[in-house]
Amino acid sequence: MAQRICVTGAGGQAGRAVVRELLEHGYEVAAVDITGTRDNGILRADLTDYGQAAEALRGADAVVHLANIPAPGLATPAVTFNSNITMNFNVFQAAAGLGLSRVVWASSETTLGLPFDVPPRYAPVDEEHYPVPTTTYALSKVATETIAGQMAQWSGIPFVALRFSNVMSPGDYQRFPSFWPDPSERKWNLWGYIDERDAAAACRLALEAPAEAVAGSPAFIIAAADTVMNRPSAQLLAEVFPGVPLTRDVGEFGTLLAIDRARDVLGFQPRHSWRDHVPAESDAEMRRPG
Ligand SMILES: NC(=O)c1ccc[n+]([C@@H]2O[C@H](COP(=O)([O-])OP(=O)(O)OC[C@H]3O[C@@H](n4cnc5c(N)ncnc54)[C@H](O)[C@@H]3O)[C@@H](O)[C@H]2O)c1
């Protein structure tokens, strides 16, 4: 029988991609969001309310929990922290109480020190460059990772945190050339991104990884294999963050947010890049008289 996966935040950017990915791979999906319409099959529930969270998760085998205020600056700092912590605790408590087999949830690259007003200690930044929250949004994710760690111990359920980079849709790639002239414009996340389809695949892989591989509360950085930029990564780092050591060869355009752990443990393999959608040379460069 198909596994039934509850997807929270199913009406959001990542949520829509995850629902698509799971349905394409034969899962049954119970889609939950605070907003939704009759025709998109979403159950409306406010997950800051424990009763609604518990009812929304009932009958699911596992949950992909994406619902949150998804960035700093969208709501006031206290609202962001309180809302996220409350929904995360409620979903986790309900999952443990109902005996779900796994919790996969969206943490964030922001836990690693974004926006890097203080330069990273080294690059590529990996899961050990943590915790460095600089906003209440990032703090809500750090606190949630701590909660997940404790609840994984109590319940024996794996709680898998995916520290997503900036989620992009294929339509977003058209504006990437505007990032290229000024390397400091996207330094705030080391020029990282993740295609929403690869973010969705990471969620599915985290559901499917053998239980012993994700026992406890592991966290994984989930980013594209390349940066948003059309110039070499080592050059970018040296120019914008002089003095930050590059600890290994990352290849010409390789990500400065390390995804080795996700590759090794989850079998994560980013399949999408802006380079498949936009020519790497800007129009201006191509038109420049030779
Ligand atoms: N978008 C990014 O660049 C990014 C990067 C790192 C991590 N994340 C995380 O990934 C997750 C998904 O992000 P997204 O970009 O899809 O955001 P989104 O805003 O598109 O989707 C989030 C969804 O959560 C729902 N939601 C908010 N409050 C709720 C509540 N009280 N009860 C039920 N549903 C509620 C919203 O209605 C929305 O549909 C979030 O947890 C976010 O913090 C996103």
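The values are calculated or read from the model by the stated rules, or taken from the named source; none is laboratory data. Here the structure is a predicted model, which means the values were calculated and not measured. Heads up, the Cβs are rebuilt from the backbone with ideal geometry, glycines too, and the neighbour counts pull from every protein chain shown. Only protein heavy atoms, including side chains, enter the accessible area calculation; ligands, DNA and RNA are left aside. Shrake-Rupley method; radii C 1.70, N 1.55, O 1.52, S 1.80 Å.
General observations
- Share antiparallel - DSSP beta bridges, the chain, percent rounded to 5: 5 percent
- Label point at Leu246 placed 7 Å out along Cα→Cβ; residues across segment 110-149 whose backbone nitrogen lies under 20 Å: 116, 119-127, 129
- Shape of the chain, Cα gyration tensor, a/c cut at 1.5: prolate
- Full extension of the chain between Gln269 and Arg58 gives 72.8 nm of extra length, using 0.36 nm per residue less the Cα-Cα distance.
- By the combined test of axial Cα extent (at least 20 Å) and Kyte-Doolittle hydropathy (mean at least -0.5), the qualifying DSSP H helices of the chain come to 77-98, 136-155.
- Accessible area of the chain belonging to carbon and sulfur atoms, whole % at 1.4 Å probe: 53 percent
- Using a probe of 1.4 angstrom and keeping all protein chains present, the accessible surface of the chain works out to 44 square angstrom per residue.
- Under the combined filter of DSSP loop state and at most 13 neighbouring Cβ atoms within 10 Å, segment 102-169 retains these GluC sites (Glu not before Pro): Glu128.
- Residues of segment 20-60 with amide N under 15 Å of a point placed 7 Å along Cα→Cβ from Ala75: 33-35, 45-50, 53
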